[in-house]
Every structure is written in C-alpha cells, then in structure tokens.
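Everything on this sheet refers to the single structure shown next.
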Ligand SMILES: C[S@@+](CC[C@H](N)C(=O)[O-])C[C@H]1O[C@@H](n2cnc3c(N)ncnc32)[C@H](O)[C@@H]1O
C-alpha cells in the first residue's frame, strides 16, 4: 500500500537500523517464505504484509500468552495469520476477516497449501459487519484492517476479548502523521490512540516499531 502518496513521510526508524533488526530476527519458516514469494508473483504490491519484525513479534506474543483463539482484522494474503497460526497449539483457531475477493482467494490457497493453514478460518465480507456476528471469546486480536474503522473494531474486539487478553494494533503511528493529522486516516488513528489511552479497562504500550504497534491488555 502506497500510503500518503505525494506527501512527506516521517521515517520512524533509521532504515539501516530496520535492516539490522530484521537480520537479527528469526527468519520466516519455509512455508512463510513460500507465501511471500507467491504473494509477490500474484500482486503488484505486497507492502501491506506485516513483515518479519512485526510477524515474529506477533508469533512470540502468541507463544508467550499461550493464546488458543485469535481474531485478525485484515487478512491480505495471509502472512500474519499463518505466522500466528504456526505458534498456535494443534487445537488452536485463527479467525481472520477479509473483504477483498482477490486477497481472500490468494490467502485461502495459501492456507490450503500449508499444514498450519488448517487452523485458519477466513470470514469473507466487510469486517465492519462480520465482526459483529462473531461468537465466543478470543485470547488475542490483531487489528490490521481499514484505519478509519479502528475505533469500531476496538469496541467490538473488547466485547469479545477475554480478561487478560491482548489486542495488538498495527500502523498506530501512520508514518508519523498522527502528530499533525491532515487527512481522515491520520485523524482516525490519532483518535483511536487517544481512545485507548483513556480507556481504564486496559493498559497499553505503544511501540515505535516499523509503523507503530500498540500492545493493549484487557485488565
Ligand atoms: C494491511 S492489510 C493486512 C495485512 C496482513 N495482516 C498481513 O500482515 O499480511 C489490510 C487488509 O484489510 C483488508 N480490509 C480493508 N478494509 C476492510 C474491511 N472493511 N473489511 C474486511 N477487510 C478489509 C484489506 O483488503 C487488506 O487486505
């Protein structure tokens, strides 16, 4: 995704530091390397994919928290879903929401091709609606869908998150645009961050990693 085309973008971290960090982070499994390759062959841009640092971070959060049921908002071609599914136990479940037909098809092909893909269920349709129909509790939520709806997804996720569960939200610095928002997405992310900061039901840390990642724990 080419965000804020034509506008100056604040580089959150030094690109050399990013490269160094990536080179000192556990590489993806063969399945995930294959998924990246095939996504790259199928699509013109794959920069929506969370990438190794955020991906490995998500995987570790699943391992450390011993999450068994995870919700993801925004599947794309399945990178983060498969990354987290690799850390789930055999009877674990990943539910992921995606509205784009092409991405749904590519992601489902990936999930059908790799062993841990059987833990993943893609729910097709507009997540603004489908999230409201989900039943049961989740141990963890990865929020990576349309930025204008982060507040809505947060509210719906909190209803379904178990006590002590985690919401991990990506792109919360939005290329630094949250400091001085000039467009609706930047304003939406800024409002989302403010909402979380004043929500007494949670404690959170906003990490300046890649495009900003918040880890929010329901007390
Ligand atoms: C940043 S990408 C997700 C990347 C993915 N989590 C990964 O790491 O590979 C965001 C995804 O959200 C999807 N999306 C955007 N708005 C949506 C909506 N209203 N309902 C469902 N999916 C949506 C987009 O089609 C896109 O695939």
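What order do you get for 177, 158 when you list them from fewest to most C-beta neighbours inside 10 Å?
Taking fewest neighbouring Cβ atoms as first place, the list is 158, 177.
Under 10 Å, Cα contacts only: if you run a Gaussian network model on the chain, which one of 155, 51, 176 comes out with the highest mean-square fluctuation?
155
Take the chain, compute every pairwise Cα distance, and split them into 10 Å bins from 0; I just need the percent in each bin.
Result returned by the calculation: 8, 35, 40, 17, 1.
For a quick check: sort 201, 210 by the number of other beta carbons within 10 angstrom, fewest at the front.
The fewest-first ordering by Cβ neighbours comes to 201, 210.
Quick check on the exposure proxy: order 94, 48 from fewest to most C-beta atoms within 10 angstrom.
48, 94
Can you give me the relative contact order of the chain as a percent, contacts being Cα pairs under 8 Å and 6 or more apart?
This gives 18 percent for the chain.
Given 25 °C and 0.890 mPa s, how large is the Stokes-Einstein diffusion coefficient of the stretch 177-219 in µm²/s, with Rh as the Kirkwood radius over Cα pairs?
Rounded to a whole number, D works out at 222 µm²/s.
For an R0 of 41 angstrom, estimate the FRET efficiency from the Cβ-Cβ distance between residue 158 and residue 26 and round to the nearest 0.05.
0.85
At 222 nm, what value in deg cm²/dmol follows for the chain if DSSP H runs of at least 4 each add -39500 (n - 2.57) and the sum is divided by all its residues, to the nearest 500?
-12000 deg cm²/dmol
Please report the relative contact order for the stretch 98-191, taking Cα pairs under 8 Å with a sequence separation of at least 6, and give it as a percent rounded to a whole number.
That works out to 24 percent.
Quick one: what does P(r) look like for the stretch 149-215 with 5 Å bins over all Cα pairs, in whole %?
Per 5 Å bin, starting at 0, the Cα pair percentages come out as 3, 17, 29, 27, 15, 6, 2, 0.
Given a Förster distance of 22 angstrom, what is the FRET efficiency for residue 41 paired with residue 66, based on the Cβ-Cβ distance and rounded to 0.05?
Taking R0 as 22 Å, the efficiency between residue 41 and residue 66 is 0.05.
Can you compute the label reach from residue 135? Point 7 Å from Cα along the Cβ direction, backbone N cut-off under 18 Å, restricted to the stretch 89-112.
93-96
Report Rg (one decimal) and Dmax (nearest whole number) for the stretch 1-112, counting Cα atoms only, units Å.
14.9, 46
Counting only C-alpha contacts under 8 Å and six or more residues apart, can you give the relative contact order of the stretch 47-129 as a whole percent?
30 percent
Bear in mind these aren't lab numbers, they're just calculated from the coordinates by the rules spelled out. All values reported here derive from a predicted model rather than from experimental measurement. Note that each Cβ is placed from the backbone with ideal geometry, even for glycine, and that neighbours are counted across all protein chains shown.
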